[in-house]
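See below for the structure under consideration.
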Amino acid sequence: MKTISLLGCGWLGIPLAEALLQRGFDVNGSTTSAGKIPLLERKGIRPFLVTLDTDGVEGEIDRFLDADVLVIDIPPRFHFSKKIESLLPYIEQSTVKKVLLVSATSVYGQADGLIDEATEPVILSEKSAQLLGAENHLRNQPGFDTTVVRLGGLIGPDRHPIFHLAGQSDLENPEAPVNLIHLQDCIGILCKILETDAWGETFNAVAPYHPTREQYYTQKAAERHLPPPQFSHAQPSAGKTITATKVQRQLDYRFEFPEL
């Protein structure tokens, strides 16, 4: 039985851990909050207090990394690349031989048009630079194999961009396509990678559904009886359509929510 260490038990991490437990994996789960430990224990997750910083790692990192695979699912902010770099020596000294990094499609930055995994990111923002830096730190290590999954915008039962966009005005890029993915498909793709040992890869994880921003968010506001967002057509729209053909073909994955 493989042991998975899951760095980051949050909105995606906890249901992912539950799905892995159901599939027969042992799961170590990290949290930065002592108050969250009882919750992880109740769910059958072996809890550890671990905090990443730019100059090292605090907490029970050695025991946490007593595993076959490390899944990194922490928010990509606050010097994310440097924090991942600080984690590398601990991984090298551990039993971990495979790493799965949960990244984001925002790594592509200002790249435009049809985007697949071979598309070179166009880095114009700090967030994109941090994501790409973290990915490269992990890929360049000879002691373990890394697979990167670039998730689209996340939606789920309690999470949807329309709750933030409803009623707003002068929103840009009305004709740009949406690139979203449902929580259940995030979990399904990550589990598929772990179950099939798909290592040394990069995958886009985005539902194959790309209506325009104006069409999509106007519809979602109406469905939820929210005030519709108002879009500006003063400037030409720019955006990208991110494909997940590789996930569907190589992993034989079928989206549970192909239309969101």
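Rule-based calculations on the coordinates, nothing more; no lab input. Since we're looking at a predicted model, the values are computed, not measured. Cβ sites come from the backbone with ideal geometry, for glycine too, and all protein chains shown count toward neighbours.
What to note about this one:
- Dipole of the chain computed with +1 at Lys/Arg Cβ and -1 at Asp/Glu Cβ about the Cα centre; of Ile74, Cys191, Ile242, farthest Cα towards the positive end is Cys191.
- The stretch between Gln248 and Ala234 holds 1.3 nm of extra length on full extension. This uses 0.36 nm per residue minus the Cα-Cα distance.
- Counted residue by residue at 0.36 nm each, then reduced by the alpha carbon distance between them, the extension gain from His225 to Thr241 reaches 3.0 nm.
- Debye, to nearest 20: dipole size of the chain, +1 on Lys, Arg Cβ, -1 on Asp, Glu Cβ: 380 debye
- Fully extended contour minus Cα-Cα distance, from Asn140 to Thr54, at 0.36 nm per residue: 29.1 nm
- Electrostatic tally near Thr105: other residues with Cβ closer than 10 Å to its Cβ, Lys and Arg +1, Asp and Glu -1, net +2.
- Beta bridge orientation in segment 88-192: antiparallel %, DSSP, nearest 5: 10 percent
- Rounded to the nearest 10 degrees, the inclination of helix 126-139 to the longest alpha-carbon principal axis of the chain is 40 degrees.
- Cα gyration tensor category, rounded, prolate or oblate, for the chain with a/c compared to 1.5: prolate
- A DSSP coil position with no more than 14 other Cβ atoms inside 10 Å describes the following chymotrypsin sites (Phe, Trp or Tyr not before Pro) in segment 43-104: Phe78.
- When the square roots of the Cα gyration tensor eigenvalues are ordered a ≥ b ≥ c, the ratio a/c for segment 116-192 is 1.5 or more and a/b does not exceed b/c, which makes its shape oblate.
- On the beta carbon distance between Gln215 and Asp112, with R0 = 25 Å, the FRET formula returns roughly 0.80.
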